[in-house]
Amino acid sequence: MSFPNPIQQSDAFITYLRAENLDFCVRLFERYQTRPDNLSDGRLDEANLSKWCEEMYGLLGKVVHMSQAQSERQDLYSMLCEMCLQAIAEVEEQLEVQQKASAAVERQREEEELPLL
């Protein structure tokens, strides 16, 4: 089954999903497209990005469940799941890097505050 490329033709892809009555896929793809922005200081918005990842995992679960019931659309479900899992992995990796950097800065700050003996 052929469908529009979601990256190059996102509007056409959503139109296709709606025409196929795949509302759960529409919700997943729309959420994929609305990854939270960084804070004004350029740092990641950890709370919103963590929430985004949780929501994405929940929606992915529904898509996986539907893919088991509708094998004729397996290529669509697989592509959508892979694309979303990759986005989640990227966000989680960025969050981990930022959290480690923040912890290192905090440790350095604490060491600088220790009195010299």
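Can you give the charge dipole size of the chain about its Cα centre, rounded to the nearest 20 debye, using +1 on the beta carbon of Lys and Arg and -1 on the beta carbon of Asp and Glu? Let's see the in-between values first.
Values: 11 positive and 22 negative charges, 101 e Å.
With only Lys, Arg, Asp and Glu charged at Cβ, the dipole is about 480 debye.
Using a 1.4 Å probe on the protein heavy atoms, what percent of the accessible area of the chain belongs to carbon and sulfur?
Solvent-exposed carbon and sulfur of the chain make up 50 percent of the total.
Can you report the principal axis dimensions of the range 19-117 using only the alpha carbons, biggest first, rounded to whole angstrom?
Computed over the Cα atoms, the extents are 72, 25, 15 Å.
Around residue 107, with a cut-off of 14 angstrom between Cβ atoms, what is the net charge of the other residues, counting Lys and Arg +1 and Asp and Glu -1?
Combined, the nearby Lys, Arg, Asp and Glu give -3.
Can you find, among 87, 5, 42, the residue farthest towards the positive end of the dipole of the chain? Put +1 on the C-beta of Lys and Arg, -1 on that of Asp and Glu.
Selected residue: 5.
State log₁₀ I(q)/I(0) for the range 70-117 at q = 0.20, 0.23, 0.25 Å⁻¹ as given by the Debye formula over alpha-carbon point scatterers of equal weight, solvent excluded.
Per q value, in the given order, log10 I(q)/I(0) is -0.74, -0.81, -0.86.
Could you work out how far apart the two model spin labels at residue 103 and residue 39 are, taking each label as a point 7 Å from the Cα in the direction of the beta carbon, and quote it in nm?
1.8
Stretched out fully, how many nm does the piece from residue 89 to residue 50 gain, at 0.36 nm a residue minus the Cα gap?
Here the answer is 12.9 nm.
Net charge near residue 96: determine it from the other residues with C-beta under 12 Å of the C-beta of residue 96, scoring Lys and Arg +1 and Asp and Glu -1.
Working: positive: 100; negative: 46, 90, 92, 93.
That sum, taken over residues with Cβ under 12 Å, equals -3.
Heavy atoms only, 1.4 Å probe, whole protein assembly: order 64, 91 by accessible area, highest first.
So, going from the largest accessible area down, we get 64, 91.
Please calculate how many Å² of accessible area the range 46-87 carries per residue, with a 1.4 Å probe and no DNA, RNA or ligand atoms counted.
Details: 2260 Å² over 42 residues.
Dividing the accessible area of the range 46-87 by its residue count gives 54 Å².
The values are calculated or read from the model by the stated rules, or taken from the named source; none is laboratory data. These numbers come from a predicted model, not from an experiment. Using ideal geometry, Cβ is built from the backbone for each residue, glycine included, and neighbour counts are taken over all protein chains shown. These accessible areas exclude ligands, DNA and RNA; they are computed on the full protein's heavy atoms, side chains included. Shrake-Rupley method; radii C 1.70, N 1.55, O 1.52, S 1.80 Å.
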